[in-house]
Amino acid sequence: MAVIDIRNLEVGFDTPEGKVQAVNGINLSVDRGECIGIVGESGSGKSQTFMAAMGLLARNGTARGEILFQGEQILGLGSRALNRIRGNAMSMIFQDPMTALTPHLRIGDQLTEVLTTHKGLGKRAAAARAVAMLEQVRIPEPARRMRQYPHELSGGMRQRVMIAMALLCEPELLIADEPTTALDVTVQAQVLSLMRDLKDRLNTALVLITHDLGVVAGLADRVMVMYAGLVVEEGPVETIFTDPRHPYTQGLLNSMPRIDRAGEERLTAIPGQPPNLQRLPSGCAFRPRCAYAFERCEQERPELEDIAPGRRKACHRERLEAVS
Amino acid sequence: MGSYALRRLIGVVPTLLVIITVAFFMIRVAPGGPFDIERTLPPEIEANIKAAYDLDKPLVVQYIKYLGGVLTGDFGPSYKYKDFTVAELIGAGFPVSLKLGASAMLIALVLGVTLGTVAALRQNSALDYAVMTVAMTGIALPNFVIAPLLALVFGIYLSLLPVAGWSDGGMADMVLPVTAMALPYIAYIARLTRGSMIEVLRSNFIRTARAKGLPEHRVVTKHALRAALLPVVSFLGPATAGIITGSVVIEQIFQVPGIGRYFVQGALNRDYTLVMGVVIFYATLIMVLNLVVDLLYAVLDPRVRYK
């Protein structure tokens, strides 16, 4: 059974300018021990999909569809019921470690409260577990860090604390929302290798939300590319990189510097802007930016279809040959 | 932090000197004197009395003599309440004023923070609008309007509480003056708390706390409240000053024998030493309480360090 199974999820936000549809009916499931990379630009709905799962949508947000966590429908649960799961069997790491920790509480307090809340541990037992977990995420002098405040730690250190916090209850599912975006490149590499180790050791299902294909290449087994609240392509990580089938995926890859092709080709940007979610173009949402678009793309939204075992795409073009 | 507090305390001295000087000469500008009464005294007797209190000497000489007295802790005798020194009068009035002011402050804090938090948690609900409307009214009405209204309604129309007076300083005597003093501050603090609480509840660390699966009351009290209280703590400095100066009016209206009333009486009677004594006392109190507030800030926010 999948750890998390999302079916026909739609997420919308009521704004003074009208309803904004952030997620337009996506399906995805993640198995135990699997790492899935969710890739897309800002506003593609990749974060909001999992905010909905965590019950963390903004006040004006509503979600429809099904989110099954270990078989149990959790979408629409109240915070009391969700609190059995959040931070316990399902936990999340956020993008900005500089602001994600409570500034006036010691690191130790913020870690141990997870264990006292979910596992009913006493203060001392919880503190011992927290120190052990800080050691696992390779924080030097963990006992001293426990007594420190967040502002006394560097960004990379704080993100490790966040990771430790998320792993304290040995979750079935770990959602990492841009876990390395706010970090220095050298620190990014350390955090990524740490996450790879932990995933292998704990056999946790990992959802990696990012706009950085490099991060995905290093960590994910499977990739889902999202655009304008829809999945446009999905497949095993190797094939997505070597043989992208959707023009948007191809555009993302071409805009990324690659060390194995240094000097061979120029980086190209995807023309245009991400679409306004309140006025999506007719047919395929990517059409206005797509070099391969033809009449059918304007009339009909492409469905996500199987193209090979484990591979799906939502595009009317059979092959991506250059059009003159 | 200890050396910071010490330096701030030493800084009080020059400020006080300026306050004493300005106040000393300002009261003397007011026409009349402490011994002007309707039936004028024979000139010889008046001259005698003035000589006894050094009032016949040049103003500068009086000022220097007064300063010398203050330095040794002697605030002089009261001109009007004969047989009492100023220190004795302040000593008698302060416990009463403290009881009123501290109660008002405590109630304002507890109610203000609670109402503000509840309003923030139910943002844009009927409850939120109700709290904010009442708060707006509380801020708009000055306490010299609220006080007589309270006395009229609860003292006269409903006859529930004494209109004024301080027979034994019991609960019944305290309710109206404390309410009149606290109401505007409940309103201010509720508005401040609501605003900062709404902002804090949107912050990333609250999202983290919720993602951790903590019960909502823990998220609010442990993670949000302390951060949301920072602006309230900054407001406590001016608020204490406001409560102290407000007590002058309130004590007069409700005939409460605190320092505030001595201050008003002293000013009306040209009781120079009494007025000066109260001014020095108030000024010191406000400055020390402001220091306490600044130190409290560092306790709430570990990122603040005073050196």
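No lab work stands behind these numbers, since they all come straight from the coordinates. All values derive from a computational prediction rather than experimental measurement. Cβ: placed from backbone, ideal geometry, glycine included. Neighbour counts: every protein chain shown.
Numerical summary
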{"quantity": "Mean ellipticity per residue at 222 nm, deg cm²/dmol - from DSSP H runs of n ≥ 4 across the protein assembly as shown, formula -39500 (n - 2.57)", "calculated": "-16500 deg cm²/dmol"}
{"quantity": "With Cα atoms, 0 to 90° folded angle of helix A:185-202 axis to chain A main axis", "calculated": "80 degrees"}
{"quantity": "At most 13 other Cβ within 10 Å, DSSP loop - trypsin sites (Lys or Arg not before Pro), the range B:51-101", "calculated": "B:82"}
{"quantity": "Sites residue B:51 and residue B:22, calculated FRET efficiency, Cβ-Cβ separation with R0 41 Å, nearest 0.05", "calculated": "0.95"}
{"quantity": "Antiparallel bridge percentage (DSSP; both residues within chain A; nearest 5)", "calculated": "60 percent"}
{"quantity": "Cα centre as origin, Lys/Arg/Asp/Glu Cβ charges: the range A:97-168 dipole, Debye", "calculated": "140 debye"}
{"quantity": "Label point distance in nm, residue B:144-residue A:203, each placed 7 Å from Cα along Cα→Cβ", "calculated": "7.9 nm"}
{"quantity": "Exercise: per-residue mean of other protein chain Cβ atoms within 10 Å, A:87-97", "calculated": "3"}
{"quantity": "Residue with peak Gaussian network fluctuation, chain A [Cα springs, cutoff 10 Å], from A:224, A:98, A:90", "calculated": "A:98"}
{"quantity": "Dipole of chain B, positive direction: furthest Cα of B:76, B:278, B:234, with charges on the beta-carbon", "calculated": "B:234"}
{"quantity": "Other protein chain Cβ atoms within 10 Å, averaged over every residue that makes up A:99-108", "calculated": "6"}
{"quantity": "Fluctuation leader among B:197, B:136, B:181 - chain B, Gaussian network, Cα springs under 10 angstrom", "calculated": "B:136"}
{"quantity": "Residue B:298/residue B:123 FRET efficiency (R0 30 Å; Cβ-Cβ; nearest 0.05)", "calculated": "0.50"}
{"quantity": "Dipole magnitude of chain A, debye to nearest 20 (Cβ charges: Lys/Arg +1, Asp/Glu -1, about Cα centre)", "calculated": "1000 debye"}
{"quantity": "Residue list for the range B:264-307, given a label point 7 angstrom along the Cα-to-Cβ vector of residue A:152 and an amide N cut-off under 18 Å", "calculated": "B:298-307"}
{"quantity": "Relative contact order computed over chain B (Cα-Cα under 8 Å; 6+ residues apart), in percent", "calculated": "28 percent"}
{"quantity": "Relative contact order (%) - criterion: Cα under 8 Å, at least six apart; region: chain A", "calculated": "20 percent"}
{"quantity": "Partner chain coverage, peptide A:45-57 - average Cβ within 10 angstrom", "calculated": "1"}
{"quantity": "Crossing angle, helix B:126-140 versus chain B [Cα axis fit, 0-90 degrees, rounded to tens]", "calculated": "20 degrees"}
{"quantity": "Cβ charges +1 (Lys, Arg) and -1 (Asp, Glu), total dipole of the protein assembly as shown, debye", "calculated": "760 debye"}
{"quantity": "Gaussian network model of chain A, springs between alpha carbon atoms under 10 Å - residue of A:20, A:215, A:137 with greatest fluctuation", "calculated": "A:20"}
{"quantity": "Share antiparallel - DSSP beta bridges, the protein assembly as shown, percent rounded to 5", "calculated": "65 percent"}
{"quantity": "Value of relative contact order over the range A:97-168, rounded to a whole percent, pairs C-alpha under 8 Å and six or more apart", "calculated": "47 percent"}
